[in-house]
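All remarks here apply to the structure that follows.
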Amino acid sequence: MTTLSSDSVLRRTADAAEHVSGICFKTGPPRQVGVELEWTTHHQDQPAALLRPSDLSRALGRHSPTVLGNPDPEPLPGGGSVTLEPGGQVEISSAPADSLAALYTAVSGDQLHLTDLLARGGIALGERGLDPHREPVRILDTPRYQAMEQSFDQAGTPSGHIMMRSTAGLQVCLDAGTEEQFRTRWAAVHELGPALLALFATSRMRQGRDTGWASGRMAAWYGMDPRRTGQVPQGDDPREDWARYALAAPLLCVRQRGSTWQVPDGVTFADWINGALKRPPTVDDLDYHLSTLFPPVRPRGYLEIRYLDAQPGLEWIAPAAVLVALFSDDTLTDAARDAAAPAAGRWVAAARDGLAEPAVARAAADLADLAGRCLDRTGLPQAVQETVTGIVDRRLHGAGQPRKDLLR
């Protein structure tokens, strides 16, 4: 494969496809795990009132991200970095960890630190994948977000605006695996998706109303252009599948001098290479374009699993533990694929009906049982394993309420 520098001009789609194929799956023995935790943010005494960027900047202090004017953001004590989304959602992106136990220690500490910082400023973290209190309003003003809004305006539906301003997700990041494993692991994270999406759905309510979806967050994603948010087609070669998807996806924006990053509607990256815009794209432009694609699983060298709603408190450990357990061994992954088979591909039914959909419920129960029997493979302390089991059992059977004590 030819190595291209970031400023190399792309004049052939074949060169762009080769670059994407070369960076999307970094193979090797799976060892590391990471998470990205996202929350909506609210005034403690008036959760439906709008926050201002200055409210978040003051509360976050030295951890405030660059988008709020801090030129040198300081990581959280456990190594996580803080970012901010257009509607004021706060996100922790963890450093990769060599075990789930180490990740839980680092990220739970960072989460508690963040929660305390925000609480001192009168701000609380949301507990759902969709803002249940207020209308979707953008509070951050950047060229990227302006271009996103224009693109969503052209689509003529509210879904894009809801996604960027009102949703919060949990992303679990797993190694792709060895050259012999990565195709199976790539297929498996998709096949498990509908059942796990339904099992951990938290976003039925929006603006005080029932959306009619177990995951109103995923309903917003499904209302957007599937060329950017749909599942990557599953062919014989995941590398080629992702490259085709990326080049056929419409541009969300093009970085340039000034504040106008908008592009004509419908122009794909392949069109750009073929002369649709004034200047040709570079490899750096292609890498940025990849960051604007949001399928339910995105290959970023590792597997970025994007289909999970944000979880209340520290309950993110439950879906993370289920995934890590089921991918801890090739035999377990094969068994998980068998368990997930009744619901595989049933993305919309899982997001809309959740565990009320019989095939999805059956797959979720079987996956939960399989993961529960091998939680010791995660390396989590016994007490945390028991917490995970309790959370999963409550989700399966609808008993009780989220654990308010988990953030004490």
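The values are calculated or read from the model by the stated rules, or taken from the named source; none is laboratory data. Please read all numbers here as calculations on a predicted model, not as lab measurements. Note: ideal-geometry Cβ built from the backbone for every residue, glycine included; neighbour counts use all protein chains shown.
From Ala119, Ala124, Ala195, which residue is surrounded by fewer than 24 Cβ atoms within 10 Å (Cβ to Cβ) and either among the aromatic types (Phe, Trp, Tyr) or in contact with a helix residue (DSSP H, G or I) (Cβ under 8 Å, 6 or more places away or on another chain) (or both)?
The unique qualifying residue is Ala124.
Check region 317-331 and report whether any residue there is part of a helix (DSSP H, G or I) and over 20 Å from the mean Cα position of the chain (by Cα).
Checked region 317-331: at least one residue is part of a helix (DSSP H, G or I) and over 20 Å from the mean Cα position of the chain (by Cα).
Select, from Met224, Met205, Met218, the only residue that is buried (at least 17 other Cβ atoms within 10 Å of the Cβ) and in contact with a Pro (Cβ under 9 Å, 6 or more places away or on another chain).
Sole residue among the options that is buried (at least 17 other Cβ atoms within 10 Å of the Cβ) and in contact with a Pro (Cβ under 9 Å, 6 or more places away or on another chain): Met218.
Just checking, how many residues over region 362-387 are surrounded by fewer than 21 Cβ atoms within 10 Å (Cβ to Cβ), out of contact with any Asp or Glu (no Cβ under 9 Å at 6 or more places or on another chain) and in contact (Cβ under 8 Å) with a residue 60 or more places away in the chain?
Within region 362-387, residues that are surrounded by fewer than 21 Cβ atoms within 10 Å (Cβ to Cβ), out of contact with any Asp or Glu (no Cβ under 9 Å at 6 or more places or on another chain) and in contact (Cβ under 8 Å) with a residue 60 or more places away in the chain number 2.
Within region 27-67, can you find the residues that are over 17 Å from Leu114 (Cβ atoms) and under 19 Å from the mean Cα position of the chain (by Cα)?
Hits for region 27-67 are Gln32, Val33.
Looking for something touching a Lys or Arg at 6+ places or on another chain (Cβ under 8 Å) and under 19 Å from Ala201 (Cβ atoms) - is there at least one such residue anywhere in region 257-271?
Within region 257-271, none of the residues are touching a Lys or Arg at 6+ places or on another chain (Cβ under 8 Å) and under 19 Å from Ala201 (Cβ atoms).
Can you find a residue that is more than 21 Å from the chain's Cα centre (by Cα), part of a helix (DSSP H, G or I), surrounded by fewer than 16 Cβ atoms within 10 Å (Cβ to Cβ) and at pLDDT 95 or above anywhere in region 155-167? Can you show your working first?
The initial filter retains those residues of region 155-167 that are more than 21 Å from the chain's Cα centre (by Cα), namely 155-157.
Still in the running and part of a helix (DSSP H, G or I): 155.
Among the residues that remain, those that are also surrounded by fewer than 16 Cβ atoms within 10 Å (Cβ to Cβ) are: 155.
Subsequent filtering for residues that are at pLDDT 95 or above retains none.
Within region 155-167, not a single residue is more than 21 Å from the chain's Cα centre (by Cα), part of a helix (DSSP H, G or I), surrounded by fewer than 16 Cβ atoms within 10 Å (Cβ to Cβ) and at pLDDT 95 or above.
Considering only region 257-282, state which residues are surrounded by fewer than 20 Cβ atoms within 10 Å (Cβ to Cβ), outside any loop (DSSP other than H, G, I, E, B) and not aliphatic (A, V, I, L, M).
If the condition is that a residue be surrounded by fewer than 20 Cβ atoms within 10 Å (Cβ to Cβ), outside any loop (DSSP other than H, G, I, E, B) and not aliphatic (A, V, I, L, M), then Thr268, Asp271, Thr282 are the ones that fit.
I'd like the residue in region 283-315 that is farther than 20 Å from Asp175 by Cβ, acidic (Asp, Glu) and surrounded by 19 or more Cβ atoms within 10 Å (Cβ to Cβ) and, out of all such residues, is nearest to the chain's Cα centre (by Cα).
Applying the filter and picking the extreme gives Asp309.
Condition check ((1) within 16 Å of Arg128 (Cα to Cα); (2) of a type in the set (Gly, Ala, Ser)) across all residues:
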position: Asp309; (1), (2): yes, no
position: Leu314; (1), (2): yes, no
position: Pro319; (1), (2): yes, no
position: Ala325; (1), (2): no, yes
position: Leu332; (1), (2): no, no
position: Ala343; (1), (2): no, yes
position: Ala349; (1), (2): no, yes
position: Gly372; (1), (2): no, yes
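Being out of contact with any strand residue (DSSP E or B) (no Cβ under 9 Å at 6 or more places or on another chain), at negative phi and not aromatic (Phe, Trp, Tyr) narrows it down to one of Ser108, Ser94, so name that one.
None of the other options fit; the residue is Ser108.
Here are some residues: Arg128, Arg138. Which one is modelled with pLDDT of 95 or more, within 23 Å of Arg204 (Cα to Cα) and either under 18 Å from the mean Cα position of the chain (by Cα) or in a helix (DSSP H, G or I) (or both)?
The unique qualifying residue is Arg128.
Examine region 216-228 for a residue that is closer than 24 Å to Ser94 by Cβ and assigned to a strand (DSSP E or B), and state whether such a residue exists.
no
Report whether or not Ala49 is among the small types (Gly, Ala, Ser), under 28 Å from Arg165 (Cα atoms) and in a loop (DSSP other than H, G, I, E, B).
yes
Looking at region 238-256, which of the residues that are part of a loop (DSSP other than H, G, I, E, B) and either among the charged types (D, E, K, R) or free of Cβ contacts under 8 Å to residues at least 12 places away in the same chain (or both) is surrounded by the most Cβ atoms within 10 Å (Cβ to Cβ)?
Only one residue fits best here, namely Gln256.
Can you tell me how many residues in region 38-87 are without any contact (Cβ under 8 Å) to a residue 24 or more places away in the chain, surrounded by fewer than 16 Cβ atoms within 10 Å (Cβ to Cβ) and over 17 Å from Gln111 (Cβ atoms)?
So the answer is 7.
Kindly provide the set of residues from region 158-215 that are out of contact with any strand residue (DSSP E or B) (no Cβ under 7 Å at 6 or more places or on another chain) and of a type in the set (Lys, Arg), ordered by number.
Arg165, Arg183, Arg209
Could you tell me which residue of region 168-181 is surrounded by the fewest Cβ atoms within 10 Å (Cβ to Cβ), considering only residues that are among the polar types (S, T, N, Q) and more than 24 Å from Ala318 (Cα to Cα)?
Thr178
Which is modelled with pLDDT of 95 or more and either basic (Lys, Arg) or touching a Phe, Trp or Tyr at 6+ places or on another chain (Cβ under 6 Å) (or both), of Ile305, Ile317? First the steps, then the outcome.
On the way: Ile305 fails: either basic (Lys, Arg) or touching a Phe, Trp or Tyr at 6+ places or on another chain (Cβ under 6 Å) (or both).
One residue alone meets the criteria, Ile317.
Report yes if some residue within region 168-178 is hydrophobic (A, V, I, L, M, F, W, C) and assigned to a helix (DSSP H, G or I); otherwise report no.
For region 168-178, residues hydrophobic (A, V, I, L, M, F, W, C) and assigned to a helix (DSSP H, G or I): absent.
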